[in-house]
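Below is one structure, written out as structure tokens; comments come after it.
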Amino acid sequence: MTTELLLRDANLWGTGPADVLIRSGRIAEIGHGLQSGEVEELGGKLVIPGLVDGHAHIDKTMWGGPWASHDSAPGLMGKIRGGQERRPEFGIPSADYISALLENMITLGTTHVRTHVDVDTVMGLDAVDAVREAFARHEGRVTGQLVAFPQAGLLIAPGTDKLLEEALRQGVDLIGGLDPAGLENDAVKHLDIVFGLAERYGVGVDIHLHDRGSLGEWQYRLIIERTRALGLRGKVTVSHGFALSDAAPAVRAELLEGLAEAGIAIASIAPPGRAMPLKELAAAGVAMTLGNDGVRDLWSPYGTGCMLDRALLQAQQTGPLDEDIELALHAATYGGARVTGLADYGLEVGDVADLVVVDARNAAEAVCVRPVRSLVLKAGRVVAREGSLV
Ligand SMILES: [Zn+2]
């Protein structure tokens, strides 16, 4: 059966006023005076492609559950330990909390999520199961990509490598890594294991790299080298990667060239004062996605899962011009799609109709005001309206 939906009087980001006819989940026609039985009157509202959260940790969330006052010790190790110790108290991971967070994200216009999922020797693959269950509950509303993530370390937590491998065997999409030098104290060995698994299971790689300064820069070079050697162009992401934004101009230029040439992407949560130099990345041709990271979990009480919030954070550190703000929104949409490998994404005829209708006159206003999402479509189907799930 062919399903049709006409978005009448839309304002398409980038091309302006038009009607959009959606047929069988894709944009079939863009024009003026189009007709269809099923019509949504948009009254000139802005239409952007579905927001992509390219760096989440939805397995950790307590969304919809109790409020847990933050009490982790400072630093990465403090958060790792705090998270592991207090998880059982709150029943984390919970498919209910994860599902509640996904619901919120969907109503906020997110149509695709790459989430890191903790795999450790205490809970094994429980978080993978919970995340899968939550995505299954929202089937047809949002799509997801899972990264098997050694949050508690790999070399410093023997046995984790076997669990990661089991996750990949069960079909998890990517292999993760974490501070190969700063946390694991053996960058070469850590990366050998991570890239070895990627090669063996034919999956992409997404590595958390918090290490700063020359230590971080060195690991960028190791990652670039391995990506080139294994021909993993377009399949490797460095998450956070603070050393790049810190680097001296000459080093930064060298790393950007290496990343572009190897086809390595960056995922950033645009933390205040530590956002990526987005204009430089764009000029160098390095793909970047934005993400919410953890949302209301034992690591941080903050966040709602809103990708326009994240675009605003990035924009505030990029510049005040409309084009600066649009570049940030680009990272939250097209950038995320490119990094996560979404096919046929966008606002052209033939693209999958993952669309968000926002009550704004243009993209810059959408990011600055972040109005309620009037409509959210996943593959042509209305999945949320005026902030509520349909
Ligand atoms: Zn993260």
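The values are calculated or read from the model by the stated rules, or taken from the named source; none is laboratory data. Since the structure is predicted, the reported quantities are computational estimates derived from the model, not experimental observations. Reconstructed Cβ throughout: ideal geometry from the backbone, glycine too, with neighbour counts over all protein chains shown.
It is to be established whether one or more residues within region 168-180 are part of a loop (DSSP other than H, G, I, E, B), surrounded by 21 or more Cβ atoms within 10 Å (Cβ to Cβ) and under 20 Å from the mean Cα position of the chain (by Cα).
If we filter region 168-180 for residues that are part of a loop (DSSP other than H, G, I, E, B), which is where we start, we get 170-173, 179-180.
Subsequent filtering for residues that are surrounded by 21 or more Cβ atoms within 10 Å (Cβ to Cβ) retains 172, 179-180.
Now drop any that are not under 20 Å from the mean Cα position of the chain (by Cα), which leaves 172, 179.
Checked against the condition, which is being part of a loop (DSSP other than H, G, I, E, B), surrounded by 21 or more Cβ atoms within 10 Å (Cβ to Cβ) and under 20 Å from the mean Cα position of the chain (by Cα), region 168-180 yields at least one hit.
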Practice prompt. For region 247-255, indicate whether the set of residues that are closer than 22 Å to residue 314 by Cβ and β-branched (Val, Ile, Thr) is non-empty.
Written response: no
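Filter region 89-110 down to residues that are of a type outside the set (Gly, Ala, Ser) and without any contact (Cβ under 8 Å) to a residue 40 or more places away in the chain and give me whichever is surrounded by the fewest Cβ atoms within 10 Å (Cβ to Cβ).
89
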Practice prompt. Quick one: residue 251 ticks every box in (1) buried (at least 17 other Cβ atoms within 10 Å of the Cβ); (2) away from the ligand (no atom under 16 Å from the Cβ); (3) β-branched (Val, Ile, Thr) except a single one, so which number is it?
Written response: (1)
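Please go through region 254-276 and pick out each residue that is away from the ligand (no atom under 16 Å from the Cβ) and either modelled with pLDDT under 95 or in a strand (DSSP E or B) (or both).
Applying the first criterion (away from the ligand (no atom under 16 Å from the Cβ)) to region 254-276 yields 254-264, 272-273.
Hits for region 254-276 are 264, 272, 273.
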Worksheet item: Assuming residue 221 fulfils every condition listed in (1) assigned to a helix (DSSP H, G or I); (2) of a type outside the set (Val, Ile, Thr); (3) buried (at least 22 other Cβ atoms within 10 Å of the Cβ) apart from one, which condition is it?
Response: (3)
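Residue by residue through region 131-155, note down the ones that are away from the ligand (no atom under 16 Å from the Cβ) and either out of contact with any Asp or Glu (no Cβ under 6 Å at 6 or more places or on another chain) or modelled with pLDDT under 95 (or both).
First pass over region 131-155, keeping only residues away from the ligand (no atom under 16 Å from the Cβ): 132-143, 155.
Across region 131-155, the qualifying residues are 132, 133, 134, 135, 136, 137, 138, 139, 140, 141, 142, 143.
Going by what's in this entry, would residue 67 be described as over 26 Å from residue 345 (Cα atoms), in a loop (DSSP other than H, G, I, E, B) and at pLDDT below 95? Even if it seems obvious, please write down each step before you answer.
On the way: over 26 Å from residue 345 (Cα atoms): yes; in a loop (DSSP other than H, G, I, E, B): yes; at pLDDT below 95: yes.
The answer is yes for residue 67.
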Discussion item. So, in region 282-295, how many residues would count as being surrounded by 22 or more Cβ atoms within 10 Å (Cβ to Cβ) and on the phi > 0 side of the Ramachandran plot?
Written reply: 1
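Confirm whether residue 22 is within 16 Å of the ligand (Cβ to nearest atom), buried (at least 21 other Cβ atoms within 10 Å of the Cβ) and either within 27 Å of the chain's Cα centre (by Cα) or within 22 Å of residue 291 (Cα to Cα) (or both).
Working: within 16 Å of the ligand (Cβ to nearest atom): no; buried (at least 21 other Cβ atoms within 10 Å of the Cβ): yes; either within 27 Å of the chain's Cα centre (by Cα) or within 22 Å of residue 291 (Cα to Cα) (or both): yes.
No; evaluated as a whole, the condition is false for this residue.
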Worksheet, complete the sentence: Quick count over region 70-88, residues being outside any helix (DSSP H, G or I), away from the ligand (no atom under 16 Å from the Cβ) and touching a residue at least 40 places away in the same chain (Cβ under 8 Å), is 1
Discussion item. I need the full set of residues from region 93-116 which are within 16 Å of the ligand (Cβ to nearest atom) and either of a type in the set (Gly, Ala, Ser) or more than 30 Å from residue 371 (Cα to Cα) (or both), in order please.
Written reply: 93
Worksheet item: Checking residue 289 against (1) farther than 29 Å from residue 92 by Cα; (2) assigned to a strand (DSSP E or B); (3) not aliphatic (A, V, I, L, M), which test does it fail?
Response: (1)
Discussion item. One residue is enough: does region 204-218 have a residue meeting the conditions of a type in the set (D, E, K, R), surrounded by fewer than 16 Cβ atoms within 10 Å (Cβ to Cβ) and modelled with pLDDT of 95 or more?
Written reply: no
Item to complete: Give the residue, chosen from 274, 226, that is out of contact with any Gly (no Cβ under 9 Å at 6 or more places or on another chain) and within 18 Å of residue 54 (Cβ to Cβ).
Response: 274
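Looking only at region 117-130, count how many residues are out of contact with any strand residue (DSSP E or B) (no Cβ under 8 Å at 6 or more places or on another chain) and either part of a loop (DSSP other than H, G, I, E, B) or away from the ligand (no atom under 16 Å from the Cβ) (or both). Break it down into steps so the answer makes sense when it comes.
Going through region 117-130, the residues out of contact with any strand residue (DSSP E or B) (no Cβ under 8 Å at 6 or more places or on another chain) turn out to be 120-126, 129-130.
Pick out the ones that are also either part of a loop (DSSP other than H, G, I, E, B) or away from the ligand (no atom under 16 Å from the Cβ) (or both) and you get 121-126, 129-130.
The number of residues fulfilling the criteria is 8.
Give 279, 235 a once-over and let me know the one that is more than 16 Å from the ligand (Cβ to nearest atom), within 22 Å of the chain's Cα centre (by Cα), surrounded by 15 or more Cβ atoms within 10 Å (Cβ to Cβ) and under 25 Å from residue 314 (Cβ atoms).
235
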Worksheet, complete the sentence: When residue 64 is run through (1) crowded, with 16+ Cβ neighbours inside 10 Å; (2) of a type outside the set (Val, Ile, Thr); (3) at positive phi, the failure sits at (1)
Worksheet, complete the sentence: Of the residues in region 171-221, those that are farther than 16 Å from residue 161 by Cα, within 15 Å of the ligand (Cβ to nearest atom) and among the charged types (D, E, K, R) number 1
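Filtering region 258-276 down to residues that are surrounded by fewer than 24 Cβ atoms within 10 Å (Cβ to Cβ) and closer than 16 Å to residue 217 by Cα, which residue is nearest to the chain's Cα centre (by Cα)?
Quick first cut of region 258-276, residues surrounded by fewer than 24 Cβ atoms within 10 Å (Cβ to Cβ) only: 258, 260-263, 269, 271-275.
Narrowing further to those that are closer than 16 Å to residue 217 by Cα: 258, 260, 262, 274.
Numbers: 258: 23, 260: 20, 262: 21, 274: 18 Å.
Restricting to residues being surrounded by fewer than 24 Cβ atoms within 10 Å (Cβ to Cβ) and closer than 16 Å to residue 217 by Cα, the top hit is 274.
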